[in-house]
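In what follows, a single structure is set out as structure tokens and then discussed.
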Ligand code: GRF
């Protein structure tokens with residue numbers, strides 16, 4: 001049984017989608033959700049899904065409390081599903097090649113500190129890109145720089161607003177993120 005922790009800073013629609021995707025599986029479970037924001041809607045989703053959720057701020061990540069929580073729940077793998085904090089070195093060392101993230105653009109373009117949510121889609125539209133998409137990658141000590149696992153693309157039309165782009169990108173996330181999590185967790189000798 002693989003025990004997977006989900007980290008989300010905001011709405012948590014990806015987290016919910018992932019949980020639904022795996023709900024009938026016996027070989028993977030999601031014992032907890034961690035958010036750095038106590039007001040994040042992901043806590044509401046967790047309640048509805050009967051999954052314990054916790055708020056761990058920057059301090060709890062830096063002082064090891066968040067890592068202890070993961071170890072107490074025998075977590076094998078961590079999925080960042082819209083998580084805005086940088087993962088501290090100690091957690092990266094405890095989970096080598098076992099933390100993955102999704103970014104709503106085709107890295108290395110439109111990544112890095114401050115590039116999240118609507119800021120990404122606004123930058124893509126402003127740059128008059130003809131396509132965008134998602135990148136799923138291993139997490140390392142820098143934002144959005146880990147080894148890329150998977151990318152999927154969608155077209156950006158000249159008439160697309162950032163919200164139109166966001167809708168297309170979310171559709172890719174919901175379609176591919178659970179599948180990539182599945183192939184990543186069950187293909188490595190984790
Ligand atoms: C997604 O667009 C994801 O690519 C990015 O953060 C957003 C999270 O959205 N990392 P949600 O909280 O899953 O709805």
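The values are calculated or read from the model by the stated rules, or taken from the named source; none is laboratory data. Here the structure is a predicted model, which is why all the values come from computation and not from measurement. We place every Cβ from the backbone using ideal geometry, glycine too, and count neighbours over all the protein chains shown.
Taken over region 11-35, the criterion of being assigned to a helix (DSSP H, G or I) and touching a residue at least 60 places away in the same chain (Cβ under 8 Å) is satisfied by 13, 14, 15, 17, 18, 21, 22. Against the numbered list (1) away from the ligand (no atom under 15 Å from the Cβ); (2) in contact (Cβ under 8 Å) with a residue 60 or more places away in the chain; (3) under 17 Å from the mean Cα position of the chain (by Cα); (4) surrounded by fewer than 18 Cβ atoms within 10 Å (Cβ to Cβ), residue 184 comes up short only at (4). For region 122-178, filtering for residues that are touching a residue at least 60 places away in the same chain (Cβ under 8 Å) and more than 14 Å from the ligand (Cβ to nearest atom) leaves 0.
Taking the criterion of being outside any loop (DSSP other than H, G, I, E, B) and either closer than 26 Å to residue 16 by Cβ or in contact with a helix residue (DSSP H, G or I) (Cβ under 7 Å, 6 or more places away or on another chain) (or both), the residues of region 116-130 that qualify are 118, 119, 120, 121, 122, 124, 125.
Of all residues in region 131-176, those satisfying the criterion of being modelled with pLDDT of 95 or more and part of a loop (DSSP other than H, G, I, E, B) are 139, 147, 156, 157, 158, 159, 160, 161. The set of residues in region 1-10 that are within 11 Å of the ligand (Cβ to nearest atom) and either in a strand (DSSP E or B) or surrounded by fewer than 17 Cβ atoms within 10 Å (Cβ to Cβ) (or both) comprises 6, 7. Yes or no: region 16-36 includes at least one residue that is under 16 Å from the mean Cα position of the chain (by Cα), surrounded by fewer than 21 Cβ atoms within 10 Å (Cβ to Cβ), under 18 Å from residue 143 (Cβ atoms) and within 11 Å of the ligand (Cβ to nearest atom). Within region 16-36 (the criterion being under 16 Å from the mean Cα position of the chain (by Cα), surrounded by fewer than 21 Cβ atoms within 10 Å (Cβ to Cβ), under 18 Å from residue 143 (Cβ atoms) and within 11 Å of the ligand (Cβ to nearest atom)), the answer is no, since none of the residues qualifies.
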